[in-house]
Amino acid sequence: MSLLDILCGALGAFCFMMLVLLPYYKPPGSAADLRKEQADTDELLKQLESLKNAAKDSGLAQQMDDLIRKLQDQIKQLQGEVNQYAAQNEQLKTENADLTKKNQEQADELSMRQPFIAIAGTFPPLDVDLYLDSDAFAPGKKLNPPLDLSRPHQPIAWLGDIQYPWGDHAVNVLMKRDSPPGSHYKVYVKLAAGSAARVACKVLTSVVSYETTLTLPSVVLTPDRFAALVGTVTVEGEGKMSFKEATDQERQADWAKLSKDLPPPTPTSSPSVLPTATPLSPEARKKMGEERERNRRLREQQQQAREQQRQRTMPSPSPSLSP
């Protein structure tokens, strides 16, 4: 009876352990579940080892040894899956960090994508240089070169910037594709050194973005002072810009600092006074009139396009119910 009691108790324990271990043969869903199952299996192995030592029957002990070996093989398999999941997790973390960095870079680039155009023209028509001295800074962009009015044109620093000096029409156009919010642009104008003769003239400057049109105050350039600071344009974001005109003191200080590196003015016998339109030939007046009319039509078309865009983006009123 004692032997029968031992055998029944051992076989009952074995059957109970098999019922307990049966769910653990299912594939786990995550690395955390695998680690928990591995710990539970280790605990079960300890219990089986204790039962094996307590069992006196050699056949039952052999069965328990086989079960222990199978459990150990299962533990090794689980450990391999844990390592595989850990490696995949590290790879996903690295890929996620790369994607997060790339998304941030794209978001920063999109926030800078606020193009604007600066236009300078002279009266009477003379070849004019236009410069934008900027403190703009952005990751992945090289620093803007320092202002150098001795250069005939401002060097292009950022990809997408374009400058087109239209000397035949006394116009200089400079386009900035990227302008980070909060950046500032000092606007300078200068009579080109290659002009046949530097004479007194009035320079008109405008800055245009898709939300703002700034007409900057005119400045008068003379052979003695052939360059001037117009003012500072500030990028506020979402296509909006503001302008602060330079004071006479700021222009005087800038001229004193910049004129040291500028070549001497071209000698000319023309008087250093602002000329009127009288010396212009009829052909020149006709060209200026045509250019003025073309610019007016272009502004009207741009205004109409903006109005149509606003009307398309405005929500249509919901229809009212008829009585």
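Any read-out appearing in this document is the output of simple, stated calculations on the displayed coordinates, not a laboratory observation. The structure displayed is predicted, hence computed values, not measured ones. Backbone-built Cβ (ideal geometry, glycine too); neighbour counts: all protein chains shown.
Observations on the structure shown:
- Backbone amide hydrogens, once placed in the peptide plane, bring GLN163 within less than 5 Å of MET175, excluding anything fewer than 5 places away on its chain.
- Taking 14 Å as the straight-line reach from the Cα of LYS244, the aspartates and glutamates in range (excluding those fewer than 8 positions away in the same chain) are GLU236.
- Greater than 18 Å apart at Cα, pairs in LYS176/LYS257; LYS46/LYS76; LYS142/LYS260: LYS176/LYS257; LYS142/LYS260
- Sum of side-chain charges, PRO180 neighbourhood, beta-carbon under 13 Å (Lys, Arg +1; Asp, Glu -1): -2
- Amide hydrogen neighbours beyond the local backbone of VAL219, cut-off 5 Å, H modeled: VAL203
- Phi-derived couplings, Karplus 6.51 cos²θ - 1.76 cosθ + 1.60 at θ = phi - 60°, listed residue by residue for the stretch 142-147: 6, 5, 5, x, x, 5 Hz, with x used for Gly and Pro.
- What the phi angles of the stretch 82-92 give under the Karplus curve with 6.51, -1.76 and 1.60, with θ = phi - 60°, is a coupling list of 4, 5, 5, 5, 5, 5, 5, 5, 5, 5, 5 Hz, glycine and proline written as x.
- Backbone phi angles across the stretch 70-78, fed through the Karplus curve with coefficients 6.51, -1.76 and 1.60 (θ = phi - 60°), yield HN-Hα couplings of 5, 5, 5, 5, 5, 5, 4, 5, 5 Hz in residue order; Gly and Pro are listed as x.
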